[in-house]
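Right, one structure below, let's go through it.
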Amino acid sequence: MNFTELNIAPLILKALEQAHYKHPTPIQVQAIPPILSGRDLLGCAQTGTGKTAAFAVPTLQRLMHKARSPRRSISALILTPTRELALQIHESMQTYGRHTGLRSCVIFGGVSQNQQEIQLRQGVDILVATPGRLLDLLNQRIITLAQIEILILDEADRMLDMGFIHDVKRVIAQVPAKRQTLFFSATMPAEIVKLSRAILVDPIHVSISPESPTVEKIQQTVYFVDKANKRHLLIHLLGNPQIDSVLVFTRTKHGADRVVRELNDSRIRAQAIHGNKSQNARVRALSDFKSKTTRVLVATDIAARGIDIDGLSYVINYDLPEVPETYVHRIGRSGRAGNVGTSLSFCDFEEKKLLTAIEKLIVKPIPVVDGHSFPLMITTIEPKPVQMGRRHMPQQRQATQHARPSQPQTSRAQRQTQQAKPKNRY
Ligand code: AMP
């Protein structure tokens with residue numbers, strides 16, 4: 001199918017051509033015609049499916065006639081959970097709408113309000129916003145939502161997860177009841193179903209699961225490696241110049257910072273993106289990575305959710321995720337929109353159970369890379385110390401079996417540090 005068959009206006013078709021989009025993705029095929037005809041829509045889809053264009057293109061087209069009007073008012077509002085996602089949607093609006101004359105603006109918290117206020121005062125047709133900053137501006141009467149014709153909720157389940165659902169409801173209460181509503185969520189927990197029922201009128205249902213097709217296009221391998229040797233393996237793999245841009249996932253913020261330090265010490269340009277970083281640092285890290293100024297972006301799952309990097313080929317799972325679905329989500333950052341992606345996963349002995357769960361989810365074994373420079377040597381789980389103290393260390397060491405003692409090993413000090421580390425710090 002071609003975009004022309006979806007009755008898309010020539011000015012938008014031209015922009016899609018310039019973005020090198022050749023064919024609509026399944027969600028675009030299913031969603032664009034009903035949205036163009038004014039229907040409400042309930043979309044069950046994740047990033048990576050082409051969902052942004054699925055709502056952005058028809059939204060732009062329905063508002064195109066407004067570009068000529070002398071006074072602009074916010075006619076479409078897109079609510080989204082994170083700043084990164086808000087920026088991406090805004091960039092997409094600008095890409096697809098470049099010939100329409102419509103103005104899009106993005107607002108989110110964590111940065112000064114002034115610049116956003118200036119843009120809003122200049123007149124905006126499409127507003128992309130995170131709920132908190134939007135409410136601030138509404139409360140200060142800097143903007144009004146009284147002219148909204150199209151309301152879009154993106155990643156509604158994540159807004160629920162992140163505790164924004166009440167803010168979202170407060171915002172919706174200020175949008176006129178007579179409107180078109182598009183509601184997207186990757187999952188449909190009870191509260192999201194309830195909210196969707198409350199705000200949608202006779203919606204079209206569209207459900208796209210990117211998991212299997214995406215995963216099938218990604219070449220996946222796993223390296224069994226001791227925890228302490230993961231950094232050596234990473235630096236060794238980055239010796240391959242073909243891996244010119246790679247997203248590395250760690251389980252914790254501190255883990256991400258440590259990997260960045262180690263890479264920088266080895267003169268490999270790397271930056272971290274995680275919840276402890278300021279908004280400006282996150283935006284800078286992402287834009288340096290996109291512009292290839294930084295070769296390695298080290299991310300935790302929460303910070304990386306929804307991040308879209310065009311043409312990303314490599315993802316490295318430095319730590320395996322505790323939730324198997326997260327693996328699919330991570331490797332789906334590569335191989336987007338039909339590109340080939342490569343995922344390399346590091347698995348230490350304690351993570352083998354996580355690997356089994358992932359393989360069960362994707363219903364196939366992940367090929368193992370044999371004969372690499374840092375093979376797994378520690379093959380039993382070290383007992384967690386009840387009380388950290390020197391007296392306990394000999395026992396812990398006894399419990400550790402080294403299958404091939406001549407290979408690099410974790411030092412006692414390293415093990416002590418690892419054991420003392422608190423868990424789940426994203
Ligand atoms: P999304 O699911 O909206 O985050 O989109 C994922 C990626 O697919 C983005 O990089 C888009 O630029 C790209 N994309 C969306 N639609 C198409 C299309 N029809 N053809 C090629 N790339 C697309």
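The values are calculated or read from the model by the stated rules, or taken from the named source; none is laboratory data. Bear in mind the structure is a predicted one, so any value in this text is a computation, not a measurement. Counting neighbours? That spans all protein chains shown, and the Cβs are built from the backbone with ideal geometry, glycine included.
Let's see how each residue does on (1) touching an Asp or Glu at 6+ places or on another chain (Cβ under 7 Å); (2) surrounded by 22 or more Cβ atoms within 10 Å (Cβ to Cβ); (3) modelled with pLDDT of 85 or more:
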{"residue": "Ala270", "(1), (2), (3)": "no, yes, yes"}
{"residue": "His274", "(1), (2), (3)": "no, yes, no"}
{"residue": "Val283", "(1), (2), (3)": "no, no, no"}
{"residue": "Asp288", "(1), (2), (3)": "no, no, yes"}
{"residue": "Thr293", "(1), (2), (3)": "no, no, yes"}
{"residue": "Ala299", "(1), (2), (3)": "no, yes, yes"}
{"residue": "Ile302", "(1), (2), (3)": "no, no, no"}
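Starting from residues that are of a type in the set (A, V, I, L, M) and assigned to a loop (DSSP other than H, G, I, E, B), keep the ones in the stretch 5-16 and report whichever is nearest to the chain's Cα centre (by Cα). This residue is Ile8.
When only residues in the stretch 17-40 that are in contact with a Ser or Thr (Cβ under 8 Å, 6 or more places away or on another chain) and not in a helix (DSSP H, G or I) count, which is nearest to the ligand (Cβ to nearest atom)? For the stretch 17-40, the residue satisfying everything is Thr25. Within the stretch 321-338, the set of residues being touching a residue at least 40 places away in the same chain (Cβ under 8 Å) and of a type outside the set (Asp, Glu) comprises Pro321, Val328, His329, Arg330, Ile331, Gly332, Arg333, Ser334, Gly335, Arg336, Ala337, Gly338. Taking Ser196, is it within 16 Å of the ligand (Cβ to nearest atom) and either closer than 15 Å to Ile78 by Cβ or touching a residue at least 12 places away in the same chain (Cβ under 8 Å) (or both)? It is false that Ser196 is within 16 Å of the ligand (Cβ to nearest atom) and either closer than 15 Å to Ile78 by Cβ or touching a residue at least 12 places away in the same chain (Cβ under 8 Å) (or both). Every listed requirement among (1) part of a strand (DSSP E or B); (2) under 20 Å from the mean Cα position of the chain (by Cα) is met by Arg251 save one, (1). Within the stretch 86-122, the set of residues being closer than 21 Å to Gln180 by Cβ and either assigned to a helix (DSSP H, G or I) or among the basic types (Lys, Arg) (or both) comprises Ala86, Ile89, His90, Ser92, Met93, Tyr96, Arg103. Which condition from (1) polar (S, T, N, Q); (2) within 30 Å of Thr300 (Cβ to Cβ); (3) without any contact (Cβ under 8 Å) to a residue 40 or more places away in the chain is the one that Ser69 breaks? Result: Ser69 passes all but (2). Here Asn240 meets the list (1) surrounded by 14 or more Cβ atoms within 10 Å (Cβ to Cβ); (2) not in a helix (DSSP H, G or I) almost entirely, failing just condition (1). On the given criteria, is Gln46 of a type in the set (S, T, N, Q) and either on the phi > 0 side of the Ramachandran plot or not in a helix (DSSP H, G or I) (or both)? Yes: the conditions hold for Gln46.
Exactly one residue out of Val222, Val315, Val298, Val323 is under 18 Å from Ile366 (Cβ atoms), under 14 Å from the mean Cα position of the chain (by Cα) and not small (Gly, Ala, Ser), and it is Val315. When the stretch 1-60 is limited to residues that are aromatic (Phe, Trp, Tyr) and crowded, with 20+ Cβ neighbours inside 10 Å, the one that is farthest from His90 (Cα to Cα) turns out to be Phe3. Would you check if Thr250 is within 26 Å of Gly335 (Cβ to Cβ) and either modelled with pLDDT of 95 or more or not assigned by TED's automatic domain parsing to the domain that holds Phe346 (or both)? Answer is yes for this residue.
The set of residues in the stretch 44-77 that are at pLDDT below 95, away from the ligand (no atom under 11 Å from the Cβ) and of a type outside the set (S, T, N, Q) comprises Cys44, His65, Lys66, Ala67, Arg68, Pro70, Arg71, Arg72. Flag: Arg98 matches the condition of being more than 13 Å from the ligand (Cβ to nearest atom) and closer than 20 Å to Asp310 by Cβ.
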